Amino acid sequence: MIKNICCIGAGYVGGPTMSVIAQKNTGIRVTVVDLNESRINDWNDNDLDNLPIYEPGLAEVVKEARNRNLFFSTDIEQAIADADMIFISVNTPTKQYGAGKGMAADLKYVELCARQIAKVSTSNKIVVEKSTLPVKTAEAIKNILDSTGNGVEFQILSNPEFLAEGTAMKDLTDPDRVLIGGDHTPKGKEAINALVDIYSSWVSREKILTTNVWSSELSKLTANAFLAQRVSSINSLSELCEATGANISEVSKAIGMDSRIGPKFLQTSVGFGGSCFQKDILNLVYISKSLGLNEVADYWEQVILMNNHQRNRFARNIVKSLHNTVSDKKIAFLGWAFKKDTNDTRESAAIYVADKLIDEQAIIHVFDPKVNENQIQSDINYLATRSEKLNSSSLKSEPSPYSAAKDSHAIAILTEWDEFINYDWEKIYKSMKKPAFLFDGRNLLERQKMEKIGFTYFGIGK
Ligand code: UDX
Ligand code: UDX
């Protein structure tokens, strides 16, 4: 029976997941720890509006469980020492140096966690990988833990997270499935059952799958790769639609009604973003390459190449439509986040489209309901394409869509925020230079309505 859980990493995954585990298992004490003191302070803030992560429904759960059996702390070693089960939920970004640069996952934080666990543990523990990791990472963790020499036994489980931003609480409380990978030895099975017990306090037993560790690790990468592949597939067809006069929305609908294909993740766009899709596919490509499976690697890499192509194609179309030059022209961006209802901008298509247009000397004015100026500058500077000074003179943040659009030559929609639909588009049109171009990277607006107002409207795939 698990009595005490510790989770290392109070981020987007660790925070919500542990909140729900604590809410549903009042007999278990759950402590979430993080190196980042200000993040922990935010989790402990009396004003629930200050929680470091915004997810609908999260504040209510934190309110119910916090300081009852859910705790947030920076005392990592104490929490590890007290726990019978430890979740590793730290970030695993793409490596920015050395072998596998730009492709492999950087496991340095995971390894540091394993070493810390090895150092302070004096009783047997179950260690659960929650972070998305390359296949066979559990083996590396086990290696480090088993080398402590102090007689403590560790079982390693893989329990990947499938939550999506904006719907995290629903994904956690009502998951399609929970996946738990572990060793098929008697002690391994005991560890798996301990984690199954925790989830079964709110998830029905048929939805909890148990597998070996490698299948579980690979399933997580594969699930994201399949989802991303659907978006790239539909995006590839959007170009074909534009060339032939077919309409991508009609094609999506028609194929999505085939129950074998299903309607989800068939929405064409300016390209997928987010912290997971690209990173996980790159991981899959890297692992395949390092195992000599070049055809497998090439197959999955194509999903990323198509996504890059879609973003570039969108930028190129803007330049071409504006009479082949955007130099010194004002272009308004509506949206910077990687999807609606989040302030997360990691790998957002907007960043890459902006980068291409700045290369062409455009001046971009961005309005996003949830993203601030600092974030926008830091995203574009992260690409290191040009000096920070040049970036800040070419890319500006605006307080409203109307100020962004005023005197602009074109508007580009990069994120599908609902509120964009109901703006006063007549007013926006009047304030722009003519002809007024509108590039709808999310097919959010109605072409007929926009053309009636006077816009020269471009959607995707139609
Ligand atoms: C991350 C990964 O992006 C995802 O692939 C994985 O499945 C789970 O972890 P997320 O929760 O969004 O997802 O990351 P982030 O919000 O960056 O949170 C990670 C936290 O770990 C940060 O608060 C960071 O301060 C903390 N951390 C990191 C530690 O406490 N110790 C470390 O050694 C490293
Ligand atoms: C994803 C997975 O869905 C989740 O299971 C996993 O745990 C983490 O990665 P997330 O990154 O939060 O979640 O966002 P998701 O809703 O999957 O969207 C990813 C990107 O694809 C967004 O940029 C979105 O705009 C784009 N997308 C999605 C499309 O362009 N078209 C679609 O039909 C669906």
Exercise. Confirm whether S290 is away from ligand 1 (no atom under 16 Å from the Cβ) and within 30 Å of T185 (Cα to Cα).
Key: yes
Practice problem: Filter segment 252-266 down to residues that are in a loop (DSSP other than H, G, I, E, B) and either within 12 Å of ligand 2 (Cβ to nearest atom) or at positive phi (or both), then give me how many there are. | Solution: 5
Quiz item: Quick check, is L334 touching a Phe, Trp or Tyr at 6+ places or on another chain (Cβ under 6 Å), hydrophobic (A, V, I, L, M, F, W, C) and either within 16 Å of ligand 1 (Cβ to nearest atom) or modelled with pLDDT of 95 or more (or both)?
Solution: yes
Practice problem: Kindly indicate whether any position in segment 117-130 is at pLDDT below 90, part of a loop (DSSP other than H, G, I, E, B), in contact with an Asp or Glu (Cβ under 9 Å, 6 or more places away or on another chain) and within 16 Å of ligand 2 (Cβ to nearest atom). | Solution: no
Exercise. Test G292 against the stated conditions and say whether it is on the phi > 0 side of the Ramachandran plot and either in a helix (DSSP H, G or I) or touching a Gly at 6+ places or on another chain (Cβ under 9 Å) (or both).
Key: no
Exercise. Hey, can you tell me all the residues within segment 67-120 that are among the hydroxyl-bearing types (S, T, Y), under 30 Å from L305 (Cβ atoms) and touching a strand residue (DSSP E or B) at 6+ places or on another chain (Cβ under 9 Å)?
Key: T92, T94, Y109
Practice problem: Return the only residue of S275, S269 being closer than 30 Å to I28 by Cβ, in a loop (DSSP other than H, G, I, E, B) and either touching a residue at least 60 places away in the same chain (Cβ under 8 Å) or basic (K, R) (or both). | Solution: S275
Self-check item: Matching entry among A384, A404 (being among the small types (G, A, S), away from ligand 1 (no atom under 16 Å from the Cβ) and assigned to a loop (DSSP other than H, G, I, E, B))
Solution: A384
Quiz item: Has segment 310-324 got at least one residue that is more than 16 Å from ligand 1 (Cβ to nearest atom) and in contact with a Leu (Cβ under 6 Å, 6 or more places away or on another chain)?
Solution: yes
Quiz prompt | segment 135-162, subset more than 20 Å from R177 (Cβ to Cβ), at pLDDT 85 or above and part of a loop (DSSP other than H, G, I, E, B), residue nearest to ligand 1 (Cβ to nearest atom) | solution = V152
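The values are calculated or read from the model by the stated rules, or taken from the named source; none is laboratory data. Just so we're clear, the structure is a prediction, and the values are computed from it rather than from any experiment. Cβ coordinates were reconstructed from backbone atoms using ideal geometry, including for glycine residues, and neighbour counts include every protein chain displayed.
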